[in-house]
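Below is one structure, written out as structure tokens; comments come after it.
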Amino acid sequence: MKTKLLILTSTLLASCAPAYAADTPITGNVQTRCLITTDTNGVFGNPLPSKLSTASADGGVVPVIRYDVTLADAYLAKVTTPTAFSTSPALSDSVTWTGSTAVSKTSDAAMSGYEAAKIVYGSTTQFDLTKAGSTWFSSESTAVYGVSKSFVGGSYTAIVLAECIAK
Amino acid sequence: MEVATLLSYWLNVLLNKLKALVSLVLITLSTPVYSHEMTPTYPVFVQSFMAGISVTTMNLFNKRADVAYYEIGVFDSKWEPISFVSQYTVIPMKYLDTVAFDVYVSNLSLARVEYICSVSQVQDGATVASKICSRVK
């Protein structure tokens, strides 16, 4: 009886399916990249009949653009504030534009020097993205119509150009 | 005692439903985030199947719901445009589309090629145009 039991147990053990421990690899490839994200679309406020402004003090919303870069010292960020309306009612007088772009937030404390090192030419502000990570830029713009003339009623749109140029 | 337990149970259920509703409203009201991406950052040209023509492949990702077209451009170090051929000069892209496109350049102008850029073509309502330039080293 014992012999039969021993043979049965051995047979059962021998016929067990083997369990293999296998490593399941997860592979990925992080490429050098620059991602431009519009975090907030801008809105013009109309504090005076002759003025449109994205400043929050003027009832506007400042557009916020985020740059994500995965490689340090590989990109330049250029933000150009508008110098014309992309859509507007017919205007008979000239519009004077002013604008400025500033760093509003960074993902790394080491990026704190970006604001001081920025280069401004014309309506463009250039930042050297010397660190990997995310940087938020807010870009204010103001349009003044004629000499204290009232803007014509209608819808106005202006475009901020955000560029990421590989160095 | 049983009434108090039952009341507490229903209050908890109500509170959880309220939390879910508030979360849903906050998610719905949150500002949409739109982004534009082009890779590789440093493309390399190789000989194409045609003699005298080099090619490189670029990838474009459109996470901008407000943009349906991207324009491609090839430039030298002074931002002068260089002639090139691609499937499209203006690429139609749906939201969350990834498109791979080839850029063909004559070997005669290859040494001058410095940047390959994509620019979003903004439509009504968009207030930010994005432009990404890769550099040929």
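None of the figures in this text is laboratory data; all of them are computed from the coordinates on show. Predicted model, so just to flag it, every value in this text is computed and none were measured. All Cβ positions, glycine included, derive from the backbone under ideal geometry; neighbour counts span all protein chains shown.
Some observations on this one:
- GNM top mover of A:Ser123, A:Ser112, A:Ser92 - chain A, alpha-carbon springs below 10 Å: A:Ser92
- GNM top mover of A:Ala117, A:Ala102, A:Ala143 - chain A, alpha-carbon springs below 10 Å: A:Ala117
- Gain in span if fully extended, A:Thr32 to A:Thr98, counting 0.36 nm per residue against the direct Cα distance: 20.3 nm
- The range A:106-167-the range B:81-121 distance, computed between alpha-carbon centres (Å): 26 Å
- Gaussian network model of chain A, Cα within-10 Å springs - most flexible of A:Ile65, A:Ile119, A:Ile36: A:Ile119
- Pair A:Ala110, B:Val44: separation of 7 Å Cα→Cβ label points (nm): 2.7 nm
- When +1 charges are put on Lys and Arg Cβ atoms and -1 charges on Asp and Glu Cβ atoms, the dipole computed for the range B:55-116 relative to its Cα centre reaches about 120 debye.
- Binning all Cα-Cα separations of the range A:58-167 at 5 Å, short to long from zero, yields these whole-percent fractions: 2, 11, 21, 21, 14, 11, 8, 6, 4, 1.
- Restricting the range A:96-167 to GluC sites (Glu not before Pro) in coil, as DSSP defines it, with at most 16 other Cβ within 10 Å: A:Glu115
- Flagged links, alpha-carbon separation over 30 Å, of A:Lys105/B:Lys131; A:Lys131/B:Lys137; A:Lys105/B:Lys78; A:Lys78/B:Lys94; A:Lys51/B:Lys94: A:Lys105/B:Lys78; A:Lys51/B:Lys94
- Take each residue in A:36-45, count the other chain C-beta atoms within 10 Å of its C-beta, and the mean is 6.
- Exercise: per-residue mean of other protein chain Cβ atoms within 10 Å, A:151-157: 1
- Shape analysis of the range B:43-131 places it in the prolate category; the axes a ≥ b ≥ c from the Cα gyration tensor give an a/c of at least 1.5, with a/b above b/c.
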